[in-house]
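The values are calculated or read from the model by the stated rules, or taken from the named source; none is laboratory data. The structure presented is a predicted model; accordingly, all values stated were derived computationally and were not measured. Cβ: placed from backbone, ideal geometry, glycine included. Neighbour counts: every protein chain shown. In case anyone asks, the SASA skips ligands and DNA or RNA and just uses the protein heavy atoms, side chains included. Shrake-Rupley method; radii C 1.70, N 1.55, O 1.52, S 1.80 Å.
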Amino acid sequence: MSEHKIIDNHPYIKYNAPQLEEKDTLERSILFYKKMEKRRSVRAFSDRPIPREIIENLIKTASTAPSGAHKQPWTFCVVENPEIKKQIRIAAEEEERHSYESRMSDSWLEDLKPLGTGWEKPFLEIAPYLIIVFRRTYEFGEEGKNRNNYYVQESVGLATGFLLAAIHNAGLVGLTHTPSPMNFLTKTLKRPENEKPFMLIPVGYPADECWVPDLKRKELDDICVFY
């Protein structure tokens, strides 16, 4: 039987789902949960180098995320150049300093205390790679006619989630960093006008001395409702 078919003038391929016993499906779900439950956001990075091929594989994994009309409205900018990382750190710290000193509410600052965060971000220079995720609001078309992308925020959020899972699965650590506003990233990386910064993720190995907050995740009953 052919593995290809034309439906409504568009090519399709047969999806061959893995044939697993129920017990194997259950075991996989448990093992993956246990792996991901150990994921933590880390702010203490090692400068230990990472082969670029590993980062490329992480990006390719992120790109398997679903997207509105399969537009794949994302660009992953990978920064390893020390001078560019320094520029990003200086600009990010300037925005963060303003946020901590005047933009954030008292309740917001209080909620951040258990995380041990502040406006200084040395990890932006220490981590061997920075992955900056950009969302592409539209694509440049012919004769000046731009082509819209759909569900851009949701699509890029899904791809970022895939990326974080891939980072953890590879034995690395990351941090979801969102200095606000992030327009300096567009300028520093010379990105086109159809791209807007979504998230800045330092990636690397944890420092030899690395501590993370002893946080507790919500129980299933607090986050899930079955009907």
Determine if the stretch 105-126 includes at least one residue that is in contact (Cβ under 8 Å) with a residue 24 or more places away in the chain, closer than 24 Å to Cys210 by Cβ and within 17 Å of the chain's Cα centre (by Cα). yes
Flag if Leu200 is in contact (Cβ under 8 Å) with a residue 12 or more places away in the chain, open to solvent by less than 20 Å² (accessible area, probe 1.4 Å) and more than 26 Å from Phe32 (Cβ to Cβ): yes
How many of the residues in the stretch 153-186 are open to solvent by 20 Å² or more (accessible area, probe 1.4 Å) and in a helix (DSSP H, G or I)? 13
